[in-house]
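Heads up: the structure comes next, in structure tokens.
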Amino acid sequence: MAHVTMLDPARRPSPKAKRLWAINAALLWLVPFAAQVVWAILDDNWTTWPHVVVFVASLVLAGLHIGVVPIWRYAVHRWEISDTAVYTKTGWFTQEQRIAPVSRVQTVDTERGPIDRLLGLATVTVTTASAAGAVTITALDQAVADEAVAKLTEIAGRTGEDAT
Amino acid sequence: MTAPIPPTESSAAAEAEEAELPWQRLAKRMLLVHPVTEVVKLAPALLAALVLGTQSDNEIWTLVALAAVLAYALTRWFTTTYRVGPVHVQLRSGLFQRKVLSVPRNRIRSVDVEARVLHRVLGLAVLRVGTGQHAKDGEGFKLDGLDAKQVPALRAALLAGVTTAARRTDTAARREDTTDAVPAASPAPPAQTEIGHWSPSWVRYAPFSLTGLAVVAPVVGLLAQYGAVQWVADSGVVSGGVRSASRLGIPIAIAIGVLALLAVASAAACVRYLLRWGRLRVVDAGATLHQTSGLLTTREVTLDVARLRGATVQESLLLRSVGGAELEAIMTGRLRRQKVLPQAPRREVERVMTYLLGSAAQFTAPLRRHGRAAARRRFTRALGPVLLALVAVAIAAATVHVQWGWWLIAPVLLVAAAALAWDRYCNLGHAVLAPTEPGGARWLITRAGSLSRDRDCIQSAGIVGWTVRRSFFQRRAGVATVCAATAAGKGHYEVVDLPARDAWSLIDSVTPGAGDVWARYS
């Protein structure tokens with residue numbers, strides 16, 4: 001059995017990706033902080049130690065999630081589309097390398113959430129016949145995403161075989 | 001009453017001919033079945049009407065309700081018609097909201113037959129037509145109430161399309177390596193080979209699964225809701241039992257209780273097994289497998305061989321200890337995981353699986369273990385929670401007095417956890433089967449688990465993508481989890497905690513060239 005190693009995919013997400021992840025994380029942390037404010041008001045005793053401990057702990061976690069995780073994630077994320085396959089590397093704490101041959105691709109979707117639109121980004125999802133086999137390329141510049149979709153649909157159209 | 005079944009065609013002329021075909025009714029005997037099923041279904045409403053009737057001293061309410069239910073039940077027979085044309089099978093139903101369900105005959109992938117007790121007594125059967133699509137319950141094409149004598153011919157005619165379709169779409173996914181073992185799909189009538197046959201002695205494996213508890217637990221729960229537990233507890237037998245138990249001591253009383261529960265659960269498991277799987281037969285009819293089973297309610301399931309992508313051998317720890325196993329087919333389409341054999345002797349599972357997959361290697365091939373790091377991770381996971389719990393108890397013991405006898409449980413728990421970890425490590429493994437002939441299929445075999453252990457065998461042609469996943473701790477330990485994505489069975493099959501440097505070599509050996517332009521060979 002030949003020993004096989006894999007190169008990393010060549011392309012990175014848009015540099016604005018870090019900002020996207022940071023904003024999404026910040027929005028996520030709004031809820032716990034709002035809950036703490038409500039708790040402090042109801043309790044009327046907000047200088048006691050449970051309040052302070054919970055507040056400091058969530059401040060540290062939120063700081064890591066908003067400040068550090070996007071940078072970590074940006075250092076990991078890579079993607080590339082060859083003539084026959086799509087390959088991504090994603091994650092930060094748990095990292096994944098995903099590869100799917102284009103001949104098995106069923107649909108190619110582009111997704112743009114409100115924050116994505118604000119920053120001019122898009123996410124491309126390539127689905128296969130398996131629910132576990134979808135390959136997602138996150139935080140691409142709109143033009144790059146369009147180019148990727150065009151390339152994928154063009155290749156998928158060329159190789160028309162049963163994708164199950 | 002029975003019209004001839006035309007062969008499958010698809011042309012404008014055939015469609016025109018189909019539009020002229022008369023609609024047929026289901027078996028007349030269903031007029032006896034429908035009222036019974038509706039009355040059972042609407043029993044709570046009828047009971048309410050009965051209560052209302054007796055309270056208002058006016059029995060007429062009960063009779064009106066009963067008459068309404070019976071009339072509604074009878075309309076089901078009068079409003080349901082079907083026809084089998086050369087292009088489609090069609091079902092028309094509904095009293096107020098008429099509905100026509102049309103299924104193109106060349107899309108039919110399975111024809112399943114089921115007969116509940118009442119149907120069997122009256123010589124009737126329910127025929128269900130599947131197209132490989134997901135259908136909601138009650139939405140599918142179901143002919144409820146055909147004469148059982150009429151069913152085999154209709155089923156064979158409807159399945160004739162599957163046989164030819166399977167031959168036509170002979171893609172790489174077809175099992176080339178098995179053509180010498182399985183009689184090739186010959187023109188009708190296809191050869192029928194019995195490949196699996198149930199024996200009453202198999203019921204000895206039934207208690208070695210948790211199905212018995214699954215049956216007993218809801219019953220006990222239901223009884224408890226209605227206060228039956230109180231009644232049982234107050235009864236002489238139990239209070240006498242409690243008195244003698246207090247003489248014997250708590251450990252012995254607990255042991256007796258557990259034994260009694262096990263006995264009841266085992267009996268329930270045996271009964272359930274007999275009713276569900278009794279008289280099981282698996283027959284190979286060329287392009288399809290037919291599985292019939294059931295003592296009271298009989299089921300007949302069709303498996304389209306062209307959709308078979310592999311098989312899973314399930315051996316729970318209990319079942320393994322008595323030399324039993326279960327076999328499940330991995331399919332694409334509607335029935336993704338279809339039980340082929342229930343709890344049965346291992347060698348029988350091996351024999352059927354060998355026939356199904358075309359070689360014995362999937363069952364017998366030795367697996368590669370995943371090494372020291374994987375073993376260490378098994379032990380951390382099993383011992384970690386136990387140690388944490390012990391520390392928590394030790395901290396609590398500082399404030400609350402704990403009898404010293406309870407500390408004897410600690411070593412027992414630790415030994416059990418270590419044994420579990422070791423067994424999980426020994427069971428963890430994978431293998432790749434190279435093709436036995438040029439152009440043949442490759443197989444990925446992966447096994448994991450202890451209390452329940454699955455050996456999954458997947459054909460490489462069924463794999464549509466790969467994922468290599470490494471958590472922070474896996475990166476530190478130098479291991480990775482390889483996940484094969486497939487449209488069949490569970491959807492993804494994992495090789496857990498493989499040495500990270502072997503991950504892509506494994507992927508390349510199952511599906512050569514999967515690494516595409518990024519792979520570097522050395």
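Please work out if B:ALA287 is at pLDDT below 85, more than 30 Å from B:GLN343 (Cβ to Cβ) and touching a helix residue (DSSP H, G or I) at 6+ places or on another chain (Cβ under 7 Å). Against the criterion (at pLDDT below 85, more than 30 Å from B:GLN343 (Cβ to Cβ) and touching a helix residue (DSSP H, G or I) at 6+ places or on another chain (Cβ under 7 Å)), B:ALA287 does not qualify. Among the residues of the range A:123-150, those that are more than 8 Å from every other protein chain (Cβ to nearest Cβ) and of a type in the set (S, T, N, Q) comprise A:THR123, A:THR125, A:THR127, A:THR136, A:THR138, A:GLN142. Taking the range B:465-491 as the range and being over 18 Å from B:ALA373 (Cα atoms) and at pLDDT 90 or above as the test, the residues that pass are B:GLY465, B:TRP466, B:THR467, B:CYS483, B:ALA484, B:ALA485, B:THR486. A residue that is in contact with a His (Cβ under 9 Å, 6 or more places away or on another chain), at pLDDT 80 or above, farther than 30 Å from B:GLY324 by Cα and more than 14 Å from chain A (Cβ to nearest Cβ) can be found somewhere in the range B:124-134. Taking the range B:44-91, which residues are more than 17 Å from B:HIS34 (Cβ to Cβ), within 35 Å of the chain's Cα centre (by Cα) and part of a helix (DSSP H, G or I)? Residue satisfying the conditions is B:PRO44 alone.
Exactly one residue out of B:LEU319, B:LEU295 is outside any helix (DSSP H, G or I) and over 14 Å from the mean Cα position of the chain (by Cα), and it is B:LEU295.
Taking (1) within 32 Å of the chain's Cα centre (by Cα); (2) on the phi < 0 side of the Ramachandran plot in turn, B:GLY491 satisfies each apart from (2). On the stretch given as the range A:114-144, residues that are surrounded by fewer than 20 Cβ atoms within 10 Å (Cβ to Cβ) and either of a type in the set (D, E, K, R) or outside any strand (DSSP E or B) (or both) total 13.
Counting only strands (runs of 3 or more DSSP E) that fall entirely inside the range B:437-519 and contain at least 3 residues that are among the hydrophobic types (A, V, I, L, M, F, W, C) and within 14 Å of chain A (Cβ to nearest Cβ), the qualifying elements are B:463-470, B:479-486, B:492-499. Can you name every residue in the range B:407-465 that is touching a residue at least 24 places away in the same chain (Cβ under 8 Å) and closer than 26 Å to B:ALA394 by Cβ? Within the range B:407-465, B:LEU413, B:LEU414, B:ALA417, B:ALA418, B:LEU420, B:ALA421, B:TRP422 qualify. Return a yes/no flag: does the range B:25-41 have any residue that is over 22 Å from B:ARG116 (Cβ atoms) and among the hydrophobic types (A, V, I, L, M, F, W, C). No, the range B:25-41 has no match at all. When residues in the range B:475-489 are screened for being in contact with a strand residue (DSSP E or B) (Cβ under 6 Å, 6 or more places away or on another chain), surrounded by fewer than 24 Cβ atoms within 10 Å (Cβ to Cβ) and touching a residue at least 24 places away in the same chain (Cβ under 8 Å), 1 of them pass. All of (1) under 30 Å from B:VAL271 (Cα atoms); (2) out of contact with any Gly (no Cβ under 7 Å at 6 or more places or on another chain); (3) polar (S, T, N, Q) hold for B:GLN362 with one exception: (1). So which residues in the range B:426-436 are touching a helix residue (DSSP H, G or I) at 6+ places or on another chain (Cβ under 6 Å) and within 12 Å of another protein chain (Cβ to nearest Cβ), if there are any at all? Matches in the range B:426-436: B:VAL432 only. Looking at B:VAL87, is it in contact (Cβ under 8 Å) with a residue 60 or more places away in the chain, touching a strand residue (DSSP E or B) at 6+ places or on another chain (Cβ under 8 Å) and farther than 20 Å from B:LYS149 by Cβ? Here the answer is yes, as B:VAL87 does meet what is asked.
Applying the condition of being β-branched (Val, Ile, Thr) and touching a residue at least 12 places away in the same chain (Cβ under 8 Å) to the range B:23-69 and asking which residue is nearest to B:LYS149 (Cα to Cα) yields B:VAL33.
Each residue in the range B:92-113 was checked for being under 19 Å from B:ALA157 (Cβ atoms) and assigned to a strand (DSSP E or B), and 8 of them qualify.
Reported count of residues in the range B:419-436, each being of a type outside the set (Val, Ile, Thr) and in a strand (DSSP E or B), is 4.
Looking across the range A:113-154, the residues that are in contact with a helix residue (DSSP H, G or I) (Cβ under 6 Å, 6 or more places away or on another chain) and over 21 Å from A:LYS89 (Cα atoms) come down to A:ILE115, A:LEU119, A:GLY120.
The residues of the range B:26-68 that are of a type in the set (Ser, Thr, Tyr) and at pLDDT 80 or above amount to a single one, B:THR37. Within the option set B:LEU433, B:LEU428, being within 24 Å of the chain's Cα centre (by Cα) and under 19 Å from B:LEU367 (Cβ atoms) holds for one residue only, B:LEU428. Kindly indicate whether B:THR62 is in contact with a Leu (Cβ under 7 Å, 6 or more places away or on another chain), surrounded by fewer than 18 Cβ atoms within 10 Å (Cβ to Cβ) and farther than 18 Å from B:GLU300 by Cβ. No; evaluated as a whole, the condition is false for this residue. Candidates in the range B:263-292 are the residues that are part of a strand (DSSP E or B) and of a type in the set (D, E, K, R); of these, the one that is surrounded by the most Cβ atoms within 10 Å (Cβ to Cβ) is B:ASP284. Just a yes or no: is a residue in the range B:141-149 in contact with a Ser or Thr (Cβ under 8 Å, 6 or more places away or on another chain) and part of a loop (DSSP other than H, G, I, E, B)? Among the residues of the range B:141-149, not one is in contact with a Ser or Thr (Cβ under 8 Å, 6 or more places away or on another chain) and part of a loop (DSSP other than H, G, I, E, B), which makes the answer no.
The values are calculated or read from the model by the stated rules, or taken from the named source; none is laboratory data. A quick note: this is a predicted structure, and the numbers were derived from the prediction, not measured. Positions of Cβ are generated from backbone atoms using ideal geometry, with glycine treated the same way; all protein chains shown enter the neighbour counts.
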